[in-house]
Amino acid sequence: MKHLWLTAYNDIIESLRARWFVVYATVFGGIVVILFAFGLSESRIMGFTGLSRLLVTYIQLSMAILPIFVLITTVRSVAGDREAGVFEYMLSLPVSLSAWFWGRFIGRFIIVFLPVFIAMAGAVGWGVIKGSEIPWNLFMFYTGLLMALSWCFLGIGMLISTLTRSSDVAQGAAFITWLVLLLFLDLILLGVMIQENLSPEMAVTLALVNPMQVFRTATMMLFDPQLVLLGPTAYVILDNFSQAGYIAYAIIYPMVFGMICALSAYFIFKRSDLP
Amino acid sequence: MIKLAKVSKRFKNSDVLKSIDLEINRGQRVALVGSNGAGKTTLIRCLLGEYNSQGLITIDNQDPREFRQQVLSKIGFVPQLPPPLRMPVGQLVQFAASLCKSDKERMNNLAEKLGFDARAFKHQPFVKLSGGQKQKLLISIALGRDSELLVMDEPAANLDPEARHILFELLAEKQETTAMLISSHRLDEVSSLVNRVVEMDQGEIVLDDNVSDLIGMSSKLVCSINMLEADPAFAKALSIWGFKTQANETSWSGVIAGPDRLKFLGMLSRYSALISGINMSENS
């Protein structure tokens, strides 16, 4: 366990000094600053005002950029490290492969989740200072969802990094993965597929399998509890899950999906050539 | 200690190692030489358990892939190209010392001996060090722990003569108890460090021979050189070797490490037309 935490700590230190992390942290911190600067916390939409309004917008923006950020930075740094000889040297030290892999995974998770969380917590902190009403339920729920989404895409990123031998191929594969998930996020595409005789059950299954769609539906649920925006699919989701059930599913499913990807990556990594 | 039997490695359509048989015992210092693509790095990576391969590889009767931690705890490794680590020097030393169950002060002291003050650079990212500093630190990490096998890829390539001499002394201290595998493109770079040469070409061992190791790794040669006339380029080259001159810059004297004699004579040969006399004698 000591080696695992040492590796995680090392990965955090490495990442904190990387340029991608500066960009990543600036983007999420910048979003919150911009939302405040544009007075979004003062505006009103669908009954949401103050910090709730800001958090709803923040989570929608996070859904758009967090997955691709996590995917690209993970595959770039993991596959890049392998190409640059970091694996050759670090894996010549007496560290077990499990401590090395999971240490990096945990370190990387902390590093991708923290800026997103800190930006959101910063907004809440500012609200506390200003004496605004704090939507703690929303904050907790969004924290869980962001955690699940980061974990999920980190797992996918680690799997892609393990399967590909160069950072160029890894980045291409990561981008295509994100694009495919994004396409199935598009309700229009799903609508066209139904028009082309795709069964509604299949469409609903696709919506429930795609972690980005799961995240999106869950965030919608908060300001649209009946999921009117989602159309008929909402009946299936609400009938089968209930609101609380779906929220639990939206947190558990991406974590399990990410874990399956990470476990697959670990077993492939362990059996293949390391550098 | 090391045993390779019928070891082969294939990447896509190319056989990088072709049925290699090799045994290395404690006390043996082996130069692994060969041109680019000969298979040296692949062989080293197989030994470190980083590559899967066909055939049998054991270090003290243990498979480096299966008994990874036990095997690697006995091996000090210096890579040819330093990894581009962004972590600070202090962090790298701490990390390596913890994994290797060693003391970071032992590594820092060795680095200082080699002419690199790792403590003063502890907050500096490793990647921002000069080539020589990186090499000194990686050597300190490899030697600053208990090991039974040293695997080094061009270990002295980026070192100045003084640091090279100290490295030779450090290796001399370990030569009775530790097997060494020193990889290089050129034999003359490492010939003085080894007592056996294994040459590889296109994935095969084409030469396996013993070499005379009469030159003690810690020996020194006192050397004086007289020149026909002063020459700035030659003066600069001798200064790098730590030589001192009289006022007229035609008489130089200094001390070189015994194992460095071939490299030093190679440098002198470029200025042979300027030399009127040389005296070299071993200083025991």
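The values are calculated or read from the model by the stated rules, or taken from the named source; none is laboratory data. Treat the numbers as computed from the prediction; the structure is a model and nothing was measured. Using ideal geometry, Cβ is built from the backbone for each residue, glycine included, and neighbour counts are taken over all protein chains shown.
Within region B:131-154, the only residue that satisfies the criterion of being away from chain A (no Cβ under 12 Å) and of a type in the set (Lys, Arg) is B:LYS136.
Considering A:ILE118, A:ILE129, A:ILE110, which residue is at pLDDT 90 or above, surrounded by fewer than 21 Cβ atoms within 10 Å (Cβ to Cβ), more than 14 Å from chain B (Cβ to nearest Cβ) and over 19 Å from A:PHE257 (Cβ atoms)?
Details: A:ILE118 fails: at pLDDT 90 or above; A:ILE129 fails: at pLDDT 90 or above.
Of A:ILE118, A:ILE129, A:ILE110, the one residue that is at pLDDT 90 or above, surrounded by fewer than 21 Cβ atoms within 10 Å (Cβ to Cβ), more than 14 Å from chain B (Cβ to nearest Cβ) and over 19 Å from A:PHE257 (Cβ atoms) is A:ILE110.
When the test is whether a residue is in a helix (DSSP H, G or I) and at pLDDT below 85, A:PHE28 passes it.
Annotation note: of B:LYS122, B:LYS101, B:LYS128, the sole residue that is basic (Lys, Arg), at the interface with chain A (Cβ under 9 Å from one of its Cβ atoms) and surrounded by fewer than 19 Cβ atoms within 10 Å (Cβ to Cβ) is B:LYS101.
Quickly run through region A:1-16 and pick out the residues that are at pLDDT below 90 and surrounded by fewer than 16 Cβ atoms within 10 Å (Cβ to Cβ). If the condition is that a residue be at pLDDT below 90 and surrounded by fewer than 16 Cβ atoms within 10 Å (Cβ to Cβ), then A:MET1, A:LYS2, A:LEU16 are the ones that fit.
Taking the numbered list (1) assigned to a helix (DSSP H, G or I); (2) over 21 Å from the mean Cα position of the chain (by Cα); (3) of a type in the set (D, E, K, R) in turn, B:LYS3 passes all entries but (1). For region B:51-77, filtered to residues that are within 9 Å of chain A (Cβ to nearest Cβ) and hydrophobic (A, V, I, L, M, F, W, C), the residue that is nearest to B:GLN124 (Cα to Cα) is B:PHE77.
Note on region B:182-273: enclosed helices (runs of 4 or more DSSP H) holding 1 or more residues that are over 30 Å from B:LYS9 (Cβ atoms) and in contact with a strand residue (DSSP E or B) (Cβ under 6 Å, 6 or more places away or on another chain) are B:232-240, B:261-269. Filtering B:LEU92, B:LEU48, B:LEU110 for residues that are at the interface with chain A (Cβ under 9 Å from one of its Cβ atoms) and either among the β-branched types (Val, Ile, Thr) or in contact with a Ser or Thr (Cβ under 9 Å, 6 or more places away or on another chain) (or both) leaves a single hit, B:LEU48. When we screen A:MET193, A:MET202 for residues that are under 25 Å from A:MET255 (Cβ atoms), assigned to a helix (DSSP H, G or I) and modelled with pLDDT under 80, the only hit is A:MET202. Looking only at region A:110-136, residues that are in a loop (DSSP other than H, G, I, E, B) and among the aliphatic types (A, V, I, L, M) come to 1 in all. Which condition breaks for B:LEU85 when tested against (1) surrounded by 20 or more Cβ atoms within 10 Å (Cβ to Cβ); (2) more than 17 Å from B:LEU150 (Cβ to Cβ); (3) within 18 Å of the chain's Cα centre (by Cα)? Looking at each condition in turn, B:LEU85 falls short on (3).
Name every residue in region A:77-101 that is more than 23 Å from B:GLN80 (Cα to Cα) and more than 10 Å from chain B (Cβ to nearest Cβ), in order of residue number. Result: A:SER98, A:PHE101.
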